[in-house]
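Here's the structure, in structure tokens; my notes come after.
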Amino acid sequence: MDATTANSQRRPFSIKLWPPSENTRKMLVERMTNNLSSPTIFTRKYRSLSKEEAAKNAEEIEDAAFTIANQHYEKEPDGDGSSAVQLYARECSKLILEILKKIPKSEDKEISISEVVPTVQETFFDISKGKRAFIEAEEAQELLKPLKEPGNSYSKICFSNRSFGVDAARIAGPILAALKDQLKEVDLSDFVAGRNEAEALDVMNIFSEALEGSNLKFLNLSDNALGEKGVRAFGKLLQSQTNLEELFLMNDGISQEAANAVCELVPSTEKLKVLHFHNNMTGDEGAVAIAEIVKRSPLLEDFRCSSTRVGSEGGSVLCEALGMCSHLKKLDLRDNMFGPEVGLVLCKALSKHENLTEIYLSYLNLEDEGVIAIANALKDSAPSLAVLEMAGNDITAEAASAIASCIAAKQLLAKLSLGENELKDEGAIQIAKALEGHSHLIEVDMSSNALRRAGARGLAQTVLHKDEFKLLNVNGNFISEEGVDELKEIFKKSPEMLASLEDNDPEGEDEDDEEDEERESGDDGKDVEDELESKLKNLDVKQEASLDTPDSN
């Protein structure tokens with residue numbers, strides 16, 4: 001337990017809207033100061049403030065709104081923060097109006113934000129900020145002092161990033177035991193780093209006994225190299241939980257035996273909505289145990305079992321179990337060894353998921369067969385799909401028509417990742433055509449797909465004028481120097497929308513391209529890429545008769 005397993009997850013594109021930058025917050029304060037002190041429809045109705053009063057109140061309004069929005073964001077940290085931003089703006093507007101309404105007619109009395117907004121009680125106790133460090137008894141006594149204050153309102157605690165020794169754990173134990181009836185969320189991720197196994201297990205036992213009988217909705221035990229011994233050290237805590245809604249066991253060395261222990265020790269998952277098992281060594285047999293937990297979780301909305309060394313046997317059992325989770329919104333199975341046969345099982349489960357908004361299926365060795373089955377299933381389900389990732393699956397142009405048909409039906413699609421495949425220009429142009437009407441599109445990744453000038457150009461022209469679009473990634477392809485210049489010209493007014501092309505190889509080609517290269521140098525000078533693009537644009541991506549397979553039932 002001395003070493004922390006490196007996180008090998010391939011990070012997807014991600015745009016985080018929360019928290020706002022300090023500069024953004026300052027600009028908002030300045031704008032509110034102006035609104036409170038300048039003639040507007042509201043200040044005329046009530047009364048404007050002096051610049052000094054307005055600045056003071058604007059700072060207090062922003063701080064109160066930020067606190068409320070940040071508490072909201074902490075409850076959904078995997079989101080992009082858009083709902084927190086909206087809440088932040090609404091609270092600022094509401095508080096400005098409340099301040100103006102409460103301004104006294106007399107000029108000699110100042111109004112304070114505290115009269116408008118009740119004091120936001122601290123509910124989140126967090127010692128994870130700053131450098132990772134060991135914590136011993138004396139420091140624990142001082143650090144945890146706020147938890148001992150009578151009448152505190154802490155319902156959420158985070159002890160992550162601080163490594164507890166036995167002496168520190170003995171200080172924390174009674175404090176947590178006294179607090180456990182009001183706790184709803186507990187984060188004990190990465191809290192025994194660097195301790196030897198015996199001491200780490202003792203610490204886990206102390207915390208488990210202290211929190212036994214609490215009524216938690218959220219529990220995070222990630223990054224503790226638990227293994228089976230660690231899982232069982234938390235046995236008293238796990239066995240006493242009947243209302244868990246979110247459980248995180250990521251980067252925990254969850255082997256087959258540990259997965260069986262989790263299945264045995266968590267008595268009820270009927271209310272579980274979020275279950276994450278990322279970056280473990282679960283394997284096929286461990287996946288069978290996880291599948292049992294999934295079967296007992298009918299309300300599951302967010303399931304992650306990525307980078308867990310699961311092969312085709314365990315993957316099939318797991319995907320079959322997912323068919324019972326009709327409320328699923330987010331599914332992440334990236335970086336396993338499923339193979340195309342699991343894709344055929346998964347497609348049946350996906351056909352039942354009307355609520356899916358995000359699906360991550362990259363690096364699963366699905367190949368064309370598995371991807372076509374999944375694309376056809378998704379086409380007729382998941383109408384609100386916003387994120388689709390299928391990078392690194394050995395997908396060729398043969399599957400492009402099915403993918404394009406699926407994409408064409410997903411008008412809310414925001415992020416599409418198909419990098420590290422072999423779609424080539426033929427596939428890229430079909431996909432570009434399918435994306436033409438998508439007004440919510442933000443990101444497209446078609447990197448490392450053996451694209452040349454025609455495919456890259458088709459994608460660029462499709463995404464350029466979309467209002468919300470942020471990034472096109474066509475790096476790592478075989479785009480000619482002329483093609484690169486053309487892309488830069490297309491994006492000259494918004495160069496930030498085109499990802500770096502530093503890994504592009506203008507000279508690169510595979511064996512299938514050799515004949516094309518020979519024809520490109522013909523006497524008539526006709527650009528074969530233009531010819532290919534012209535032909536492919538006439539394809540109807542919605543037509544899929546050749547791909548449909550008879551229903552075996």
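The values are calculated or read from the model by the stated rules, or taken from the named source; none is laboratory data. The structure displayed is predicted, hence computed values, not measured ones. A quick note on method: Cβ atoms are made from the backbone with ideal geometry, for glycine too, and the neighbour counts reach across all protein chains shown. For accessibility, only protein heavy atoms count, side chains too; no ligands or nucleic acids. Shrake-Rupley method; radii C 1.70, N 1.55, O 1.52, S 1.80 Å.
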Mind checking whether some residue in region 473-483 is buried (at least 21 other Cβ atoms within 10 Å of the Cβ), more than 22 Å from residue 392 (Cα to Cα) and under 25 Å from the mean Cα position of the chain (by Cα)? no
Can residue 403 be described as of a type outside the set (Gly, Ala, Ser), without any contact (Cβ under 8 Å) to a residue 60 or more places away in the chain, crowded, with 23+ Cβ neighbours inside 10 Å and closer than 23 Å to residue 377 by Cα? yes
Of the residues in region 374-384, those that are surrounded by fewer than 23 Cβ atoms within 10 Å (Cβ to Cβ) and aliphatic (A, V, I, L, M) number 1
Identify all residues within region 419-472 that are touching a residue at least 40 places away in the same chain (Cβ under 8 Å), open to solvent by less than 10 Å² (accessible area, probe 1.4 Å) and out of contact with any helix residue (DSSP H, G or I) (no Cβ under 7 Å at 6 or more places or on another chain); write none if there are none. 419, 443
Which ones in region 304-328 are outside any loop (DSSP other than H, G, I, E, B) and either of a type in the set (Val, Ile, Thr) or out of contact with any His (no Cβ under 7 Å at 6 or more places or on another chain) (or both)? 312, 313, 314, 315, 316, 317, 318, 319, 320, 321, 322
Do we have residue 214 as over 16 Å from residue 126 (Cβ atoms), touching a helix residue (DSSP H, G or I) at 6+ places or on another chain (Cβ under 6 Å), of a type in the set (S, T, N, Q) and at pLDDT 95 or above here? no
Among the residues that make up region 255-277, is at least one of them farther than 30 Å from residue 178 by Cβ and assigned to a loop (DSSP other than H, G, I, E, B)? yes
Residues satisfying the stated conditions in region 172-199, i.e. out of contact with any strand residue (DSSP E or B) (no Cβ under 9 Å at 6 or more places or on another chain) and in a helix (DSSP H, G or I): 173, 174, 175, 177, 178, 197, 198, 199
Given the condition touching a helix residue (DSSP H, G or I) at 6+ places or on another chain (Cβ under 8 Å), modelled with pLDDT under 85 and open to solvent by 50 Å² or more (accessible area, probe 1.4 Å), answer yes or no: does some residue in region 61-84 qualify? yes
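Can you pull out every residue in region 26-56 that is under 19 Å from residue 101 (Cβ atoms) and either open to solvent by 90 Å² or more (accessible area, probe 1.4 Å) or aromatic (Phe, Trp, Tyr) (or both)?
39, 41, 42, 44, 45, 46, 56 - these are the residues of region 26-56 that are under 19 Å from residue 101 (Cβ atoms) and either open to solvent by 90 Å² or more (accessible area, probe 1.4 Å) or aromatic (Phe, Trp, Tyr) (or both).
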Residue that is nearest to the chain's Cα centre (by Cα) [pool: residues in region 259-281 that are open to solvent by less than 20 Å² (accessible area, probe 1.4 Å) and closer than 20 Å to residue 212 by Cβ]: 272
Do we have residue 420 as within 24 Å of residue 363 (Cβ to Cβ) and in a loop (DSSP other than H, G, I, E, B) here? yes
Condition check for residue 397: modelled with pLDDT of 95 or more, aliphatic (A, V, I, L, M) and open to solvent by less than 40 Å² (accessible area, probe 1.4 Å): yes
Picked from region 194-203 (must be out of contact with any helix residue (DSSP H, G or I) (no Cβ under 6 Å at 6 or more places or on another chain) and either β-branched (Val, Ile, Thr) or open to solvent by 20 Å² or more (accessible area, probe 1.4 Å) (or both)), the residue nearest to residue 155 (Cα to Cα) is 194
Assuming residue 206 fulfils every condition listed in (1) open to solvent by 10 Å² or more (accessible area, probe 1.4 Å); (2) outside any helix (DSSP H, G or I) apart from one, which condition is it? (2)
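If a residue has to be of a type in the set (S, T, N, Q) and over 18 Å from residue 391 (Cα atoms) to count, how many in region 471-499 make the cut? Break it down into steps so the answer makes sense when it comes.
The initial filter retains those residues of region 471-499 that are of a type in the set (S, T, N, Q), namely 473, 475, 477, 480, 494.
Now drop any that are not over 18 Å from residue 391 (Cα atoms), which leaves 480, 494.
Result for region 471-499: 2.
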